[in-house]
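Below: one structure, written as structure tokens.
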């Protein structure tokens with residue numbers, strides 16, 4: 001019971017910080033309330049499409065649910081099929097059973113290199129690659145502008161996984177650029193973007209030797225990796241490199257190339273952004289232009305290394321663990337927009353893996369129920385807005401409810417809830 005009180009006090013202190021003017025938590029929380037309100041009301045990009053984003057999601061929902069349930073039911077077969085075809089297409093493929101094994105393989109593939117360029121690596125964070133890089137003093141060069149800004153500000157609090165730097169204001173960014181680079185910029189988005197294009201693009205075109213990405217999806221039928229983006233950074237670092245390393249969980253695998261493109265397109269539509277580039281990577285660059293002799297490594301990557309990671313995933317499916325349904329997740333991260341707790345508590349209802357319920361579930365998987373309780377597990381209201389919003393109908397509220405049961409059994413529930421529970425058992429009456 002003492003541990004439960006300690007965790008409760010820790011969460012209460014975070015809430016106090018959130019409510020204190022001038023704190024980073026308060027700054028993010030105020031921004032996030034507005035962002036969530038706009039996102040859940042802004043269902044259309046109809047100046048770009050014939051339908052609204054929500055109509056697009058609803059049209060394909062049943063297809064997506066059926067496709068993801070089929071994958072979970074036949075996970076081993078899809079993984080084996082995907083690995084076999086990728087190897088035939090000259091990918092270097094590893095199947096890591098644990099995160100630790102994946103980290104070891106990754107560091108071996110990195111070799112003597114002391115610098116890596118990365119983008120779209122939320123999966124790499126889950127697998128522990130980011131921690132391994134820092135532990136081995138490898139310099140991490142972010143390429144997505146949002147991540148570049150987070151690195152520039154040395155911002156260590158959880159942020160929105162899809163747009164990690166979106167809460168910084170133009171004035172703050174211009175001021176930080178002046179402080180770090182001694183360059184005076186007009187505090188406008190266009191000027192800031194032009195600064196990074198002029199100062200960083202040449203490096204991405206000429207200096208990248210090894211790059212790291214995850215994947216939006218991977219097709220089991222032909223091994224194609226699908227990557228969506230707006231900025232062009234992923235296109236650069238996966239082409240203008242010697243070695244491109246892809247690290248992701250096996251749940252990124254989908255049955256067909258059409259499924260992979262649909263998942264990627266849906267990730268953009270449900271977040272109300274439009275991917276300007278969708279890359280289909282089916283192996284390292286090659287040419288057969290000299291008398292039909294196939295040679296790998298022309299202008300693009302000489303080698304594409306894929307590290308597929310199981311860790312907790314097969315076990316969740318086979319043992320029907322409380323987070324088995326989470327295996328269906330397509331990683332769109334949009335369930336946090338309608339989440340009551342996320343709107344109210346910003347980045348204190350979060351973990352090191354990001355914002356909201358999915359990040360707390362990941363922390364629970366890797367670090368246990370105490371970590372999830374500290375992340376704000378009991379701030380979830382059980383409203384199930386996430387379930388109704390999710391394109392594959394995952395009920396994160398139900399998963400968190402099971403986690404709350406475990407926390408309560410271990411004496412980690414907030415003291416007020418313990419009193420409430422005791423009253424029900426003692427008097428069959430919940431009213432205190």
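Nothing in this text is a laboratory measurement; each read-out follows from the coordinates by a stated rule. Just so it is clear, the structure is predicted and the values come from calculations on it, not from any experiment. Note: ideal-geometry Cβ built from the backbone for every residue, glycine included; neighbour counts use all protein chains shown.
Annotations for the structure displayed:
- Of all beta bridges that DSSP places with both ends in segment 80-314, some 30 percent have antiparallel geometry.
- Most mobile of 140, 250, 360 in a GNM of the chain (Cα contacts under 10 Å): 140
- The chain - share of DSSP beta bridges that are antiparallel (%, nearest 5): 35 percent
- Sorted into 10 angstrom bins from 0, the C-alpha pair distances of segment 142-245 split as 13, 40, 33, 11, 3, 0 percent.
- Taking a ≥ b ≥ c as the square roots of the Cα gyration tensor eigenvalues, segment 58-145 comes out prolate, since a/c reaches at least 1.5 and a/b is larger than b/c.
- Whole-number percent relative contact order across segment 80-314, with pairs defined as alpha carbons under 8 Å at least 6 apart: 27 percent
- Cα-only radius of gyration and Dmax that characterise segment 190-320, units Å: 16.9, 55
- The residues 105, 394, when put in order of fewest to most other Cβ atoms within 10 Å, stand as 105, 394.
- At full extension, residue 16 and residue 179 could sit 55.6 nm farther apart than now, given 0.36 nm per residue minus the alpha carbon distance.
- Mean Cβ count within 10 Å, highest first, over the residues of peptides 347-358, 277-288, 251-262: 347-358, 251-262, 277-288
- Percent of C-alpha pairs per 10 Å bin, segment 207-261, short to long: 25, 48, 25, 2
- The chain - percent relative contact order, Cα under 8 Å, separation 6 or more: 22 percent
- Overall Cα dimensions of the chain - principal axes, largest extent first, Å: 87, 56, 49
- The chain: most fluctuating residue of 184, 142, 100 per GNM, C-alpha cutoff 10 Å: 184
- 10 Å binning of all Cα-Cα separations within segment 80-314, expressed as whole percents from 0 upward: 7, 30, 37, 19, 6, 1
- Segment 288-337 gives an Rg/Rh value of 1.32, both radii derived from C-alpha positions and Rh following Kirkwood.
- Over segment 291-410, the Kirkwood radius and the radius of gyration, each from Cα atoms, give a ratio Rg/Rh of 1.16.
- Helical content of the chain, expressed as a calculated mean residue ellipticity at 222 nm, amounts to -15500 deg cm²/dmol (DSSP H runs of 4 or more residues, -39,500 (n - 2.57) each, divided by residue number, nearest 500).
- Fewest-first ranking of 54, 59, 362, 104, using other Cβ atoms within 10 Å as the exposure measure: 59, 104, 54, 362
- Centre-to-centre separation between the Cα atoms of segment 75-114 and those of segment 1-40: 39 Å.
- Seen from a random direction on average, the alpha-carbon convex hull of segment 255-330 projects onto 8.0 square nanometres.
- Restricted to Cα atoms, segment 49-196 shows a radius of gyration and a Dmax of 20.4, 56 angstrom.
- Most to least packed among 13-24, 299-310 [average Cβ atoms within 10 Å]: 299-310, 13-24
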